[in-house]
Each structure stands twice: as C-alpha cells, then as structure tokens.
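Just so it is clear, none of the values below were taken in a lab; they were calculated from the coordinates. Here the structure is a predicted model, which means the values were calculated and not measured.
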Ligand code: ADP
Ligand code: MG
C-alpha cells in the first residue's frame, strides 16, 4: 500500500475510537512504561497531543513522570513550519505554551536543549512494523530531528494499534528502539 494511503487508513482507525477509548488505551500504554528505565535519563523529549486528532494522550505519561522521576527534565518540540525542523525547549510547569497555526501546542519560549543532549524521545507515529520502522505524519520532522541525536538516544514509539508486517523504509528513515502498544512492549530487534 502507498504510504499516503496507509497514513489515511491509520488516521481513520484512530478517529473511529471514542475520546474515552483514546484515554483508556493511552492509560494502558502509560502503565507499560513501567518496563522502561528512566534512571539515566536527564532529558526526555515528549510531544504534546494534538487536539482532535486522537493521538496518544502523552499528558498522562508526563504526569506520571513528573511524580515518579523528578530528576527527568522534560523537553517539548517547537516546530519551524517553513523548513520542517524542530527546536527543543525545556518544559516545566510554568512554561508558557500556545497553539501554532497547525494546531500543535508548543512552548512560547524557554531554554533550548541541543538534540545531542537528549537521552530519550517519545516518538509520535501513525503506524510501525515488526522491525521498528515508523510511518509518521509525512513531513519528516522526527527523521530530521533523530538524525541529530546521539546513537544511544532511546527512541520510543507509542501506538494504539499493533504493528504492520513490514513498512519499506527510505534511507532517511530512523527506526525505533521500542514501540509501546496497549497490549505489549515491542523491543527491536524482536
Ligand atoms: P514521516 O517520517 O513523517 O512519515 P517521510 O519519512 O516520508 O515522513 O519523510 C518526509 C520527507 O522528509 C521526505 O521527503 C524526506 O526526504 C524528508 N526528510 C526526512 N528526513 C530527512 C533528513 N534527515 N534530511 C532531509 N530530508 C529529510
Ligand atoms: Mg520517515
């Protein structure tokens, strides 16, 4: 199937979930994060869920991390919509946030963290496969960002749905180390 058709299919699968189902599935995913060690994580890059897109409710994860791992510093992306790059801004409870023209909530200002400093990234996606290949929203924001991270930066995807058998990766595609679904923690290679 063409990538753009697969994106559409997964967008639709998500939109067929009720808001309550999105929260239930998100909670199951958050519970599975108990299997992930945050011991050596100084900077954790997370995304803020897009309103109305039925994304993983990462705010539930953030709440748990703030409570259980106070040594972890959260970082949020700020998108450059022209060149499809991301800046990474330290996110504490007092950081001013606002919505950009694509409906993405992001920091207005704050300390910038270099990609090489980030130890773990929670990666948004539409679909993934049994090898950790990822289908994103189609603009390559995360491939560009992850290309600038260290080789040992942990890349963790989150998905409400199980993997596809195989998604042909392009040379620029950066695979996941782990993907967490409501039913399972997928560690690559399997
Ligand atoms: P997504 O990862 O969001 O599903 P794609 O992998 O299809 O999207 O990438 C979208 C576009 O971004 C492609 O045209 C690709 O060439 C470009 N792109 C991705 N990563 C990079 C990179 N590291 N440098 C330059 N262009 C990139
Ligand atoms: Mg890609």
**OP:** Please work out the Cα center distance from region 1-52 to region 78-106, rounded to the nearest Å.
**Re:** 18 Å
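Quick one: work out the % antiparallel among DSSP beta bridges in the chain, nearest 5.
Looking only at bridges with both residues in the chain, the antiparallel portion is about 55 percent.
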Original post:
Out of the DSSP beta bridges found with both residues in region 78-190, what percent are antiparallel (nearest 5)?
Top reply: 60 percent
Subject >> Value at 222 nm in deg cm²/dmol, rounded to 500, when DSSP H runs of n ≥ 4 in the chain each add -39,500 (n - 2.57) >> reply: -7000 deg cm²/dmol
Original post:
From Cα coordinates alone, what are the radius of gyration and Dmax values for the chain in angstrom?
Top reply: 15.6, 44
**OP:** Just the number, please: Stokes-Einstein D of region 95-139 in µm²/s, Kirkwood Rh from C-alpha pairs, 37 °C, 0.692 mPa s.
**Re:** 246 µm²/s
Original post:
What's the Kirkwood radius of region 45-125 in Å, using all Cα pairs?
Top reply: 13.3 Å
Subject >> Spatial extent of region 135-183: Rg and Dmax, with the Cα atoms as the point set, Å >> reply: 11.4, 31
